[in-house]
Amino acid sequence: MRGRRIPIPLPNTGTMSRRRSSFCLRTSLVIFLVLFIFLQLHIMSYSDPRESHINDVTNDSTAAILSMVPPVFHKFLTAKAKNVSHDHNGSASSGGEMQFHSPNISEMKRAIFRYNEMQNVINEDIFGPLQNDSVIIVVQVHKRITYLRHLIVSLAQARDISKALLIFSHDHYDEDINELVQSVDFCKVMQIFYPYSIQTHPNEFPGADPRDCPRDMKKEQALIKKCNNALYPDLYGHYREAKFTQTKHHWWWKANRVFNELEVTRFHSGLVVFLEEDHYVAEDFLYLLGLMQKRSHDLCPKCNILSLGTYLKTFNYYTYSNNKVEVTPWISSKHNMGMAFNRTTWKEIVKCAEHFCSYDDYNWDWSLQHVSQHCLKQKLHVMVVKGPRVFHIGECGVHHKKNNCESNQVISKVQKVLHIATKASQLFPKTITLTVASVVQKTKLRKGNGGWGDKRDHLLCLNMTLSGR
């Protein structure tokens, strides 16, 4: 008797396919997780005696920040004890060339005039005269000395800083700031003083004249009151505030001063880098600027501005890479930090002085963008680094006030970023490469922010372009 054959069911091909897909998916996930963990461990594996300060984000004490600075530069972060003498009236005074104890307005004006007349270049005997193609670094200084100290420390550590001319442009006369600036010994240094500051003109234009119209007064009331600038509210119906107008005036004055009036820069054809007192630079910022300048002819012939800083909330050099640059139309809110251009670009900008000086916006960068869009034949285009070499460390300023304006948190964070980048050999790239720019929206400028409707501001601004050497 033949046994009955038991049928063997055929495999379900759909089920097997799903199992294979599931297995492949799980395998891929496992591989991805292993690689991810490996990369994270690799990134975090850099060891250093100061690592405890770096990894502790909340450790932003003065001692922790000081520990990240080479001891030779500690002198820039601490105020020196002054030798105080007493005059015949018994009042205290401090020594030093052109230094005054609580100088009055007349003394300040005389000192400012002498500084601007002398055009003294400190350390020129040590580092030699300025070369025509050397970099000039211009720092706009108000009175936040804590931030300025850290900027100077960062500049001191930059490669090739000894070849540069460092110009500090002040709109506030302060003995401690002068002493700090004059102590810089790592490059040629010059001080220039904005002569129309609100400090030296406290009760008259361009300061706040008591006969000027209050900011929020209606024009009808102002005309009845016959205050000085009754006819000239801004486009939002507000009258000028001196503390806001000064920054734009100062920026325009210093640019004119550096390109048009200083003897030391008369034949200079190189780049001028614009910084502010609350900026902080990476040690390769001049090195990278040189690479950008060399490659700009190939990568972006139309670029007339180079920018070393971008406003990023969080970043690291692994994400943004150390040698990537992007080309884009210049946008005031994105590319105004660590920007550099030469005399050729300046000559085109200054031809548009009328547009800059009459545009109803108290911000110099918005006014410059207005110039680009409505006056320049060749609009401003920028080559900007993806991994910033200039950082903004200021917590407080003209527009922002906080309870603690001397916070170390941002300074500590920047120190950490640059330390990790250095340990990972992410600075000093051998070359730069151009990335494909993200979709650039049309940079149509909305109407200005106001604060610049007063005709006196327009005239003062325009007159700055008429000064001679």
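Ranked by the mean number of other Cβ atoms within 10 Å of their residues, highest first, the peptides 112-124, 413-425 come out as 413-425, 112-124.
Within a straight-line Cα-Cα reach of under 16 Å, K248 can be paired with the following aspartates and glutamates, leaving aside sequence neighbours fewer than 8 residues apart in one chain: D171, D234, E276, E277, E354, D360, D361, D365, D454, D457.
With both partners inside segment 114-265, how many of the DSSP beta bridges are antiparallel, as a percent to the nearest 5? About 10 percent, rounded to the nearest 5. With Rh defined as the Kirkwood radius, the inverse of the mean 1/r over Cα pairs, the Rg/Rh of segment 199-273 is 1.19.
Only Lys, Arg, Asp and Glu carry charge here, each on its Cβ (+1 for the first two, -1 for the last two); on that basis segment 193-283 has a dipole of about 500 debye about its Cα centre. Could you pull out the pairs from K302/K334; K386/K423; K243/K351; K75/K188; K386/K447; K109/K334 whose alpha carbons sit more than 25 Å apart here? Violating the 25 Å Cα-Cα cut-off are K243/K351; K386/K447; K109/K334. The trypsin sites (Lys or Arg not before Pro) of segment 326-391 that meet both conditions, a loop assignment by DSSP and at most 10 other Cβ atoms within 10 Å of the site Cβ, are K377. With R₀ fixed at 22 Å, the C-beta to C-beta distance from Q119 to N463 puts the FRET efficiency at about 0.60.
Taking square-rooted eigenvalues a ≥ b ≥ c of the alpha carbon gyration tensor, is segment 113-185 rounded, prolate or oblate, where a/c under 1.5 means rounded and, failing that, a/b exceeding b/c means prolate? Verdict is oblate for segment 113-185.
Taking the empirical scaling 2.2 N^0.38 Å for compact globular proteins as reference, segment 126-257 has a Cα radius of gyration ratio of 1.38. Spatially, segment 247-270 and segment 171-195 are offset by 16 Å when compared through their Cα centroids.
A short reminder: the numbers here are calculations on the coordinates, not readings from a lab. The model shown is predicted, which means the values in this text are computed figures rather than measured ones. Heads up, the Cβs are rebuilt from the backbone with ideal geometry, glycines too, and the neighbour counts pull from every protein chain shown.
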